[in-house]
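Participant: I am attaching a structure below and will ask some questions about it afterwards.
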Amino acid sequence: MMVTGLGPLVVVGFLAGLTLAAVLLRLGRLNSPLSALGAAALPFGCAALPVLVLVAMSVAAAYAH
C-alpha cells in the first residue's frame, strides 16, 4: 500500500467511527460520562487503525531484509 492511499482510509475509518458513535448515542447506550467519552474518542481510534497497519507493515518489511 502506498502512502497516498492512506488518506482515504483514515477518512473512511473516521467516518465509520463517527457513525458508530452516532448510532450509540441514538440508541441511548451512553448512560455514563465515561461511555460518552469513549464514544467521543471512537472516531479517532478508528482513524488510527490504518496508520497502525501501515506502521506494522513498514516494521515487518524492515525486519524481512
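The values are calculated or read from the model by the stated rules, or taken from the named source; none is laboratory data. For clarity, every value in this text was computed on a predicted model and none was experimentally measured. Just so you know, the surface numbers come from the protein's heavy atoms only, side chains and all, with ligands and any DNA or RNA stripped out. Shrake-Rupley method; radii C 1.70, N 1.55, O 1.52, S 1.80 Å.
Participant: In a GNM of the chain with a 10 Å cut-off on Cα contacts, which of Leu18, Leu42, Leu54 has the highest mean-square fluctuation?
Facilitator: Leu54
Participant: How large, in percent, is the carbon and sulfur part of the accessible surface of the chain at a probe radius of 1.4 Å?
Facilitator: Details: 3780 of 4840 Å².
Of all accessible area on the chain, carbon and sulfur atoms account for 78 percent.
Participant: Right, another one. Which semi-axes, in whole Å and largest first, does the equivalent ellipsoid of the chain have when worked out from the alpha carbon gyration tensor as the square roots of 5 times its eigenvalues?
Facilitator: 31, 13, 6
Participant: Return one number: the angle in degrees, 0 to 90 and rounded to the nearest 10, between the long axis of the Cα atoms of helix 33-64 and the longest principal axis of the Cα atoms of the chain.
Facilitator: For 33-64 against the chain, the angle is about 10 degrees.
Participant: Further, regarding this structure: Under the Karplus relation 6.51 cos²θ - 1.76 cosθ + 1.60, θ = phi - 60°, what is the ordered set of whole-Hz ³J(HN,Hα) values for region 17-26, x standing for Gly and Pro?
Facilitator: Per-residue couplings from phi come out as x, 5, 5, 4, 5, 5, 5, 4, 5, 5 Hz.
Participant: With springs only between Cα atoms under 10 Å apart, run a GNM on the chain and tell me which of Leu52, Leu27, Leu15 wobbles the most.
Facilitator: Comparing Leu52, Leu27, Leu15 in the GNM, the peak value goes to Leu27.
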